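> Sharing a structure below in structure tokens format, with a few things to ask.
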Amino acid sequence: MDSPQIVHPIPQPHDQTPSPTITPPSSPHIPSSPSNSDSSQPSNSDTDTPPSTPHHPSPPTTPPPPPLPTHPMMTRAKAGIFKPRHRANLSSLTNIPIHCALLASKDPKTISTAIKDPKWVQAMQKELHALHANNTWTLVPRPLNRNVVGSKWLFRTKYHSDGTIERHKARLVAQGYSQTPGIDYSHTFSPVVKASTVRIILSLSVLNGWNLHQLDVNNAFLHGHLRECVYIEQPPGFHDTRFPDHVCKLNRALYGLKQAPRAWFQRLSNFLLKNEFQCSKADTSLFIFKKGSCIMYLLVYVDDLILTGNHEESIKKFVDCLHKEFAIKDLGSLSYFLGLEVSYTNKGLFLCQAKYAKEILERANMIDAKPVTTPLSTNISFTSKGYAYPDPSRYRSIVGALQYLTITRPDISYAVNQVSQFLQSPTKDHYQEVKRILRYIKGTMTFGLMFSKPNKSSLIGYSDADWARCLETRRSTYGYSIFLGGNLVSWSAKKQPTVARSSCESEYRAMANTAAEIIWITHLLQELYALPDSRPTILCDNKSALFLTQNPISHKRVKHIEIDYHFI
């Protein structure tokens, strides 16, 4: 795989003219007023004559001026002198233009603000039409001794992958925080597809030359069936004038309810199972269809779907069947999925998050920051000591956004892992390291993953670990990278849960975690009917750890290691 190259920012040109030295201005000379110290002295004559100048001068009222500079350089005015500033044109590093649509007016927060704009009124009317078409609720008199959940409007502008506005979305949601557990809902868990699974499916599609189709389910949660009896208030601003005191008894799930994601996923999974799809055991959000020589993969992330396979006619028939059951929008070829930008090249497929990275920089007010070439400084020691950062919520918000950026940026995985260890009580030094990561992202916004078609399918893992690097806990940090056919599909950087007594033990634990991830990927590939031809391989740079995996010797050195680490 072509590893991403670090793009160095263009250095600032230095002005050949020496900078002038500014001397401090001298205090202005204020003329002293005539002294009145002799006013009490008797005059020389009895007649009124002008006062004569005293023989002794009065004490000075201002300090003496500073000595003149002896340096030959003199201060000059800067008028008309400008130093040219050349910045790297980062947007030219990719074919994807970065527009400034995100700098447009913010989305309204209340309905009183939204009704002043016709486009948001139209969006609310469209949402209500969809709710009535799905028979989402029934107006009933307000029940006694029953919890009635509130409702509100949420407004959001949807964007294309290039930053241009796609549409204005208004959504009616239930205020699920007021639901009572055990009465208004029971179970709430709903799975979503793993990022590693998405990368594996993309790699297999490039390997086999399959097309990637993107589907979107309109008002997905409205298709879920409720098992509980739930009441909500009428939509704000759209009360029925005939029954203003009535409430809505929900017939279907609504966004905001605790059980809404689970109800929708159960409805979708039941439909897929009836159509001969199988739910993956390695990732329950992956559904696989295998009939004869026809293979289809379906990835589910709430209402966003990715479909690929080796038979286009079967894919088209399935999309038509899916559209008859749900309101499906066919978005064509995969281009933008959960903030991931997909572009196609002659070599294969390129995956990045340039638009999302730009949003992070804007949120942190670092869009004009000067880029750096590394995400971490070399002289930093992460400890909990130092002056507390005054806004911990801001720190957590930025670090959380950076964690999502690591889906396509393994180069910042370790740096984000380090700053994530101080979310509870960050210091000013920690925030300076976060700013350095942001400055690194500023110069590498267009970096990402390249999925190319390999010569052969193979599964290779690289394992590494330090030893007792943490100054406070003396725990080690390990990392691994796993390649499928030369394409990077899984990686991690994480602190080990226990203290290693030697570098051999630290590397041994790292290999155990790498082996566990490779075993999971092997099970997933087996379900996808895409097992590699050769056995998986793990590469490590510690000979002691390698000998330990091949020969169970040195009992005194390893008997304290947990049992689950010995399976390698």
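> I'd like to verify a number: residues in segment 142-160 that are within 28 Å of residue 113 (Cβ to Cβ) and of a type in the set (S, T, N, Q), how many? First the steps, then the outcome.
Looking only at segment 142-160, we keep the residues that are within 28 Å of residue 113 (Cβ to Cβ), and these are 148-160.
Those left that are additionally of a type in the set (S, T, N, Q): 151, 157.
Number satisfying all stated conditions: 2.
> Would you confirm whether or not segment 365-375 contains a residue that is touching an Asp or Glu at 6+ places or on another chain (Cβ under 8 Å), over 30 Å from residue 309 (Cα atoms) and buried (at least 18 other Cβ atoms within 10 Å of the Cβ)?
Checking segment 365-375: at least one residue is touching an Asp or Glu at 6+ places or on another chain (Cβ under 8 Å), over 30 Å from residue 309 (Cα atoms) and buried (at least 18 other Cβ atoms within 10 Å of the Cβ).
> Given the residues 158, 119, 152, which is the only one that is farther than 18 Å from residue 218 by Cβ, assigned to a strand (DSSP E or B) and among the charged types (D, E, K, R)? Let's see the steps before the verdict.
Details: 158 fails: farther than 18 Å from residue 218 by Cβ; 119 fails: assigned to a strand (DSSP E or B).
Sole residue among the options that is farther than 18 Å from residue 218 by Cβ, assigned to a strand (DSSP E or B) and among the charged types (D, E, K, R): 152.
> So is residue 295 touching a residue at least 12 places away in the same chain (Cβ under 8 Å), under 17 Å from residue 205 (Cβ atoms), out of contact with any helix residue (DSSP H, G or I) (no Cβ under 8 Å at 6 or more places or on another chain) and of a type in the set (A, V, I, L, M, F, W, C) or not?
Working: touching a residue at least 12 places away in the same chain (Cβ under 8 Å): yes; under 17 Å from residue 205 (Cβ atoms): yes; out of contact with any helix residue (DSSP H, G or I) (no Cβ under 8 Å at 6 or more places or on another chain): yes; of a type in the set (A, V, I, L, M, F, W, C): yes.
Against the criterion (touching a residue at least 12 places away in the same chain (Cβ under 8 Å), under 17 Å from residue 205 (Cβ atoms), out of contact with any helix residue (DSSP H, G or I) (no Cβ under 8 Å at 6 or more places or on another chain) and of a type in the set (A, V, I, L, M, F, W, C)), residue 295 qualifies.
> What number of residues in segment 224-245 are within 36 Å of the chain's Cα centre (by Cα) and among the polar types (S, T, N, Q)?
Result for segment 224-245: 1.
> A follow-up question, please. Please determine, by comparing only the residues of segment 242-281 that are of a type outside the set (A, V, I, L, M, F, W, C) and either outside the structural domain of residue 231 (by TED's automatic domain parsing) or in a strand (DSSP E or B) (or both), which one is surrounded by the most Cβ atoms within 10 Å (Cβ to Cβ).
Keep residues of segment 242-281 that are of a type outside the set (A, V, I, L, M, F, W, C), which gives 242, 244-246, 249, 251-252, 255-256, 258-259, 261-262, 266-267, 269-270, 274-276, 278, 280-281.
After this cut, where a residue has to be either outside the structural domain of residue 231 (by TED's automatic domain parsing) or in a strand (DSSP E or B) (or both) as well, the list is 249, 252, 278.
Details: 249: 18, 252: 21, 278: 13.
Per the stated criteria, the residue is 252.
> Consider only pairs whose beta carbons are under 6 Å apart and that are at least six residues apart or on different chains; among these, list those whose first residue lies in segment 266-290 and is closer than 20 Å to residue 530 by Cβ and whose second residue is surrounded by 17 or more Cβ atoms within 10 Å (Cβ to Cβ) and among the basic types (Lys, Arg).
283/194
> Any residue at all in segment 201-208 that's surrounded by fewer than 17 Cβ atoms within 10 Å (Cβ to Cβ), in the same structural domain as residue 238 (by TED's automatic domain parsing) and in a helix (DSSP H, G or I)? Walk me through it before giving the result.
Kept after step one, since they are surrounded by fewer than 17 Cβ atoms within 10 Å (Cβ to Cβ), are these residues of segment 201-208: 208.
Narrowing further to those that are in the same structural domain as residue 238 (by TED's automatic domain parsing): 208.
Narrowing further to those that are in a helix (DSSP H, G or I): 208.
The answer is yes; a qualifying residue exists.
> Say we look at segment 174-193 and pick out the residues that are part of a loop (DSSP other than H, G, I, E, B) and either modelled with pLDDT of 95 or more or polar (S, T, N, Q) (or both); which of these is surrounded by the most Cβ atoms within 10 Å (Cβ to Cβ)?
So in segment 174-193, the residues part of a loop (DSSP other than H, G, I, E, B) come out as 175, 179-180, 182-184, 186-193.
Checking the rest, the ones that are also either modelled with pLDDT of 95 or more or polar (S, T, N, Q) (or both) come to 175, 179-180, 186, 188, 190.
Working: 175: 14, 179: 20, 180: 11, 186: 12, 188: 15, 190: 17.
The qualifying residue surrounded by the most Cβ atoms within 10 Å (Cβ to Cβ) is 179.
> Could you tell me whether any residue of segment 463-471 is closer than 26 Å to residue 199 by Cβ and touching a Cys at 6+ places or on another chain (Cβ under 7 Å)?
Checking segment 463-471: at least one residue is closer than 26 Å to residue 199 by Cβ and touching a Cys at 6+ places or on another chain (Cβ under 7 Å).
> Same structure again: Say we look at segment 525-568 and pick out the residues that are in a loop (DSSP other than H, G, I, E, B) and basic (Lys, Arg); which of these is modelled with the highest pLDDT?
Applying the first criterion (in a loop (DSSP other than H, G, I, E, B)) to segment 525-568 yields 528-536, 540-542, 551-554, 559-562, 568.
From what's left, basic (Lys, Arg): 535, 559.
Working: 535: 92, 559: 63.
So, considering only residues that are in a loop (DSSP other than H, G, I, E, B) and basic (Lys, Arg), the one modelled with the highest pLDDT is 535.
> Out of 265, 271, I need the residue that is in contact with a strand residue (DSSP E or B) (Cβ under 8 Å, 6 or more places away or on another chain) and of a type in the set (Phe, Trp, Tyr). Which one? Spell out the reasoning first.
Numbers: 271 fails: in contact with a strand residue (DSSP E or B) (Cβ under 8 Å, 6 or more places away or on another chain).
Testing whether each residue is in contact with a strand residue (DSSP E or B) (Cβ under 8 Å, 6 or more places away or on another chain) and of a type in the set (Phe, Trp, Tyr) leaves just 265.
> Take the conditions surrounded by 19 or more Cβ atoms within 10 Å (Cβ to Cβ) and outside the structural domain of residue 536 (by TED's automatic domain parsing) and apply them to residue 477. Does it pass? Before the answer, list the steps.
Details: surrounded by 19 or more Cβ atoms within 10 Å (Cβ to Cβ): yes; outside the structural domain of residue 536 (by TED's automatic domain parsing): no.
Taking the combined requirement at face value, the residue does not satisfy it.
> Here's something else I'd like to know. Condition check: within 27 Å of residue 289 (Cα to Cα), surrounded by fewer than 19 Cβ atoms within 10 Å (Cβ to Cβ) and of a type in the set (Val, Ile, Thr). Does residue 519 satisfy that? Break it down stepwise before answering.
Working: within 27 Å of residue 289 (Cα to Cα): yes; surrounded by fewer than 19 Cβ atoms within 10 Å (Cβ to Cβ): yes; of a type in the set (Val, Ile, Thr): yes.
Yes; evaluated as a whole, the condition is true for this residue.
> Would you point out which residue out of 306, 288, 328 is under 28 Å from residue 524 (Cα atoms), in contact with a Leu (Cβ under 6 Å, 6 or more places away or on another chain), surrounded by fewer than 20 Cβ atoms within 10 Å (Cβ to Cβ) and not small (Gly, Ala, Ser)?
Result: 328 is the single residue among 306, 288, 328 that is under 28 Å from residue 524 (Cα atoms), in contact with a Leu (Cβ under 6 Å, 6 or more places away or on another chain), surrounded by fewer than 20 Cβ atoms within 10 Å (Cβ to Cβ) and not small (Gly, Ala, Ser).
> Moving on. When the residues of segment 380-404 are narrowed to those that are among the polar types (S, T, N, Q) and over 13 Å from residue 360 (Cβ atoms), which ends up nearest to the chain's Cα centre (by Cα)?
Residue satisfying both the conditions and the ranking: 393.
The values are calculated or read from the model by the stated rules, or taken from the named source; none is laboratory data. All figures in this text were calculated on a predicted structure; none of them were measured in a lab. Don't worry about glycine lacking a Cβ; one is built from the backbone with ideal geometry, like all the others, and counts go over all protein chains shown.
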